[in-house]
Every structure is written in structure tokens, then in C-alpha cells.
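Asks: Submitted below is the structure of interest, expressed as C-alpha cells.
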């Protein structure tokens, strides 16, 4: 079994080398690391090129225009060749030390999809942004209503899929809207979901956090759109 780790990156010069070093420590499965740089205007690209020289597991794609996280993820999926796809943000909010727990349902159960939940009790969770927490709970509730699932964290950064499950979807979103799009479309196809507790060290906007209130409204739009009109 092979794990494809897709890392969308935009202006993460402070963290990209550190996160790849953490990902490289995972040895349980054969793996490939696919970094998709979404036309960064800092030194991320140069750092990624240097990383790839020193690690033959690392591949990269450089987008020529900034198209959004969803576009970067879709490009990574196209290039990936593993049996399981894992999305890893390029910052340090999510800890690759959780990989073994995240892949376990694929090894032991009938899981097609595994989400890492920040609300099930990981090793540690940084207390941060009450209104982000409320928005996430609302988005997760709406998603559960339309999918009849009982997930706790739809907007989690850790989403893992069997390759044939995610490749069965015609994904369209270019922005953060890809998160609810994937979730709703996979649920409509009756794929089997599991959740696993994860740790989380959320960063502030001063530290580079990018998602905001506008993205919450986009997510609601996408939940309704892909449930009832696509």
C-alpha cells in the first residue's frame, strides 16, 4: 500500500521545509510527497526546489497563476499514484505524527474516507478563535443535515481518501470550497467515512492564517450546490 501526501502551498516560506521534514519521518508505508505551489510570491518555490534535491520522495508542481487551494489539491490528485491520498497543509497547524492513527482505519476496517477531527480529543489542541469554532460547528451541522452523517469536523485539514473514491469525483472548486464539495460528493456516492482524533496547533492571522469569514459563506453555498444542484 502506498500513501500519496499532497501539500498545497502558497507563501509558506517559513514553514514548508519544516513540514516536509516532519512528513519525511513517516515510515509505516511507502510514500510520495507532492507539493503544489500555487504561484507563491515569497521564496517558497526556491525552498521547494532545494527540498526536492535532497529527498527523492518529493515531487513538485508550480502553478503559473494563483488559482486557490482547491485548484492546488486537484493538481496534486492528478499527479498522485498512491492507494491512499492524504491532504497536508503546508503550515504547522497539523502534526504528521498523527499519520499512523489516520491510516489505521484503512488497514483495519472498510473505510473509504478518513477525516482527522480536532474535536474528538487529540494529544493537544491550541485554544484559538472562538468564532472560527462556531463557524466550523455550523458548517459541520449543515453538512451533516444534508449528508445524514454525524461527523464532528468537516473543515478539518486532514482528509484521507482511497484513491479510487476520490478519483471517482468530478471536482470543480478552486478555492477552500473544495472541502465541502469533496465531503458532499463522497457522501452522495455512499462511501464509508471514519473519523480519528488529531492534535491541532492553530495559528493566528499574524502567523499566516488565510481562511476567513468569506470562506464560511462559500462553504455554505457549496454544501447546498453540490447536494441539490450538481
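Asks: Scanning for something in a helix (DSSP H, G or I) and either surrounded by 15 or more Cβ atoms within 10 Å (Cβ to Cβ) or touching a strand residue (DSSP E or B) at 6+ places or on another chain (Cβ under 8 Å) (or both), does segment 189-200 turn up at least one residue?
Replies: Within segment 189-200 (the criterion being in a helix (DSSP H, G or I) and either surrounded by 15 or more Cβ atoms within 10 Å (Cβ to Cβ) or touching a strand residue (DSSP E or B) at 6+ places or on another chain (Cβ under 8 Å) (or both)), the answer is no, since none of the residues qualifies.
Asks: Of the numbered conditions (1) under 17 Å from residue 8 (Cα atoms); (2) touching a strand residue (DSSP E or B) at 6+ places or on another chain (Cβ under 6 Å), residue 172 fails exactly one; give the number of that condition.
Replies: Only one criterion is unmet by residue 172, namely (2).
Asks: Still on this structure: For segment 1-28, what are the residues that are touching a helix residue (DSSP H, G or I) at 6+ places or on another chain (Cβ under 7 Å), under 24 Å from residue 165 (Cα atoms) and part of a loop (DSSP other than H, G, I, E, B)?
Replies: Within segment 1-28, 26, 28 qualify.
Asks: Next up: Say whether the condition of being buried (at least 19 other Cβ atoms within 10 Å of the Cβ), in a helix (DSSP H, G or I) and at pLDDT 95 or above is met by at least one residue in segment 207-219.
Replies: no
Asks: From 171, 120, 149, 186, which residue is closer than 22 Å to residue 84 by Cβ, part of a loop (DSSP other than H, G, I, E, B) and under 16 Å from the mean Cα position of the chain (by Cα)?
Replies: Checking each option against the conditions leaves just 171.
Asks: Would you mind finding the one in 27, 14 that is over 18 Å from residue 174 (Cα atoms) and either surrounded by 18 or more Cβ atoms within 10 Å (Cβ to Cβ) or without any contact (Cβ under 8 Å) to a residue 40 or more places away in the chain (or both)? Quick ask: steps written out before the conclusion?
Replies: On the way: 14 fails: either surrounded by 18 or more Cβ atoms within 10 Å (Cβ to Cβ) or without any contact (Cβ under 8 Å) to a residue 40 or more places away in the chain (or both).
When all the criteria are applied, what remains is 27.
Asks: Would you confirm whether any residue within segment 170-183 is crowded, with 22+ Cβ neighbours inside 10 Å, free of Cβ contacts under 8 Å to residues at least 24 places away in the same chain and within 20 Å of residue 217 (Cβ to Cβ)?
Replies: Within segment 170-183, one or more residues are crowded, with 22+ Cβ neighbours inside 10 Å, free of Cβ contacts under 8 Å to residues at least 24 places away in the same chain and within 20 Å of residue 217 (Cβ to Cβ).
Asks: Right, next: So, in segment 120-148, exactly how many residues are within 19 Å of residue 189 (Cβ to Cβ) and either in contact with a strand residue (DSSP E or B) (Cβ under 6 Å, 6 or more places away or on another chain) or exposed (fewer than 14 other Cβ atoms within 10 Å of the Cβ) (or both)?
Replies: Residues that pass the stated criteria total 2.
The values are calculated or read from the model by the stated rules, or taken from the named source; none is laboratory data. Only a predicted model underlies this, so the values are computations on that prediction, with no experimental measurement involved. Cβ coordinates were reconstructed from backbone atoms using ideal geometry, including for glycine residues, and neighbour counts include every protein chain displayed.
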